[in-house]
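What follows is a set of notes on a single structure, which appears directly below.
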Amino acid sequence: MNVLGIIASGVAALFITVALAKGARRAALRPHAPDEPGGRAPRAAALRRTGGATIVLGVGTAVGGALWLGAADGSAGSVTGLLAGAGIVAALGLVHDLKPFRAALRFPVQTAAAVLVVCLAGLSPAAGVLAVLWIVLVTNAFALLDHADGLLTTAGLVTAAGLLACAALGGDPALTLLPATLVAGLAGFLLHNWHPARLRLGACGAQFTGFALAASGALIQEAAPSGRAAWAALPALATVALADTALVLISRRRAARSLLRDTDDHIAHRLRRVRVTVPGAAVLLGLWAAVPVTTATLVYAELLHPAFLLLPPAGSAAAVFILLRIPAYTPSRTAPPRTAPSRTAPPRTAPSRTAPPRTAPSRTAARRTTAPATGAAIPSAAPAPRVAGPAPRKGAPSGTARTAAGHPTVPPPPTGRSAAGVAAERS
């Protein structure tokens, strides 16, 4: 493929992406009718999330047009498989943007798309297995970078530029088609994705970008001349994405959190906690990505010794160690611990000075009535309590109450005299 064809494909991808992104931005910011159910917010948020579809359409149209014109020469199968696999994961991401589903469901589709790329490229079984694992890993690593405005777009732009340079130095110029159009598409989308972002890549654009970068790197490495250190140079291009993935996995493992549940523990989130602005985080990540990309390109061009490739991973590991010291999770609000009940005696309270409550008289108490004539007290019909004493004598009436000495009690006479006087007269 000649240089003019690559340039024309890149320019086409740039203009298509810019035009589509501008239309999507206007649609997202356009005021809706007042009587529209849901108002402006739901539709605008959905359009912002699906902004990555503009990159997919721009890059896919440019690459598809180049393939239709026969610009890929003998590598049409490899480029077609690469574009088809990237389109499959982009469609999966678009479905996720419209109706989110579990992250674990993405891996089978990504694996199938990677197998398609490997089969159409004609790789050997051993190289194909390694390429599939690499593509799935790097695709998800780059997709995790879409957690701040302009972050993934900047890192992907720098990485795609490195892949373009390596493909131009390699043995198959047709493999430069997708990296060239991807550079142009990301540059056009960055105008709307820079902070404050009007459009976001979403799962559609993030997975498409990660898959295109990973698959292009695998195919460029396979087509590289045997004398070049491509086996060590090209993996260094994904150093930043892999560092962010390692940071997330280590921090979530330490905090005993779910590995697949996304939270605010990525690189940009930690940089924000040390007062780095959102554009500043994007610039820092772009510079961080430029170091391993430049080193890998120079090693691939045989201008540096392969030993220099140890420096970017070592620096990234040190950066991950430093970022791990920045707290990422807020302490959870748990209920206070339960205390055991005290065994000590309850505190004495002062006696109440109020009068005790009046209780109603018992219904079993003896009620006294007044005689109508004499006014003497007459006992009620309630039986008197039985007092312990000797057994009653024979012939004594059984229902008579007795005293402690065994003598029967005498009821008071109706004349009003006392019982003692009546007993003295009888004696």
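Read-outs throughout are calculated quantities, based only on the coordinates presented, and are distinct from any laboratory measurement. Note that the structure is predicted; figures quoted are calculated from it, not measured. Using ideal geometry, Cβ is built from the backbone for each residue, glycine included, and neighbour counts are taken over all protein chains shown.
Here are the numbers for the structure shown:
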| read-out | value |
| --- | --- |
| For the stretch 3-324, convex hull volume per residue from C-alpha positions, Å³ | 135 Å³ |
| C-alpha center-to-center spacing [the stretch 249-265, the stretch 201-222] in angstrom | 24 Å |
| Simple label model, 7 Å out from Cα along Cβ direction - residue 69 to residue 126, nm | 4.1 nm |
| Sequence of 297, 277, 159, 139 once ranked by neighbouring C-beta atoms within 10 Å, starting from the fewest | 277, 297, 139, 159 |
| Qualifying trypsin sites (Lys or Arg not before Pro) for the stretch 235-331 [loop in DSSP, other Cβ within 10 Å: at most 16] | 257, 261, 275, 325 |
| Nitroxide proxy distance, nm - points 7 Å out along Cα→Cβ at residue 322 and residue 27 | 4.3 nm |
| Inter-probe distance in nm under a simple model that places probes 7 Å from Cα toward Cβ, at residue 330 and residue 11 | 5.2 nm |
| Residues of the stretch 214-254 with amide N under 18 Å of a point placed 7 Å along Cα→Cβ from residue 298 | 229-230, 232-240 |
| Value of Rg/Rh across the stretch 226-293 [Cα atoms, Kirkwood radius] | 1.08 |
| Gain in span if fully extended, residue 264 to residue 305, counting 0.36 nm per residue against the direct Cα distance | 10.9 nm |
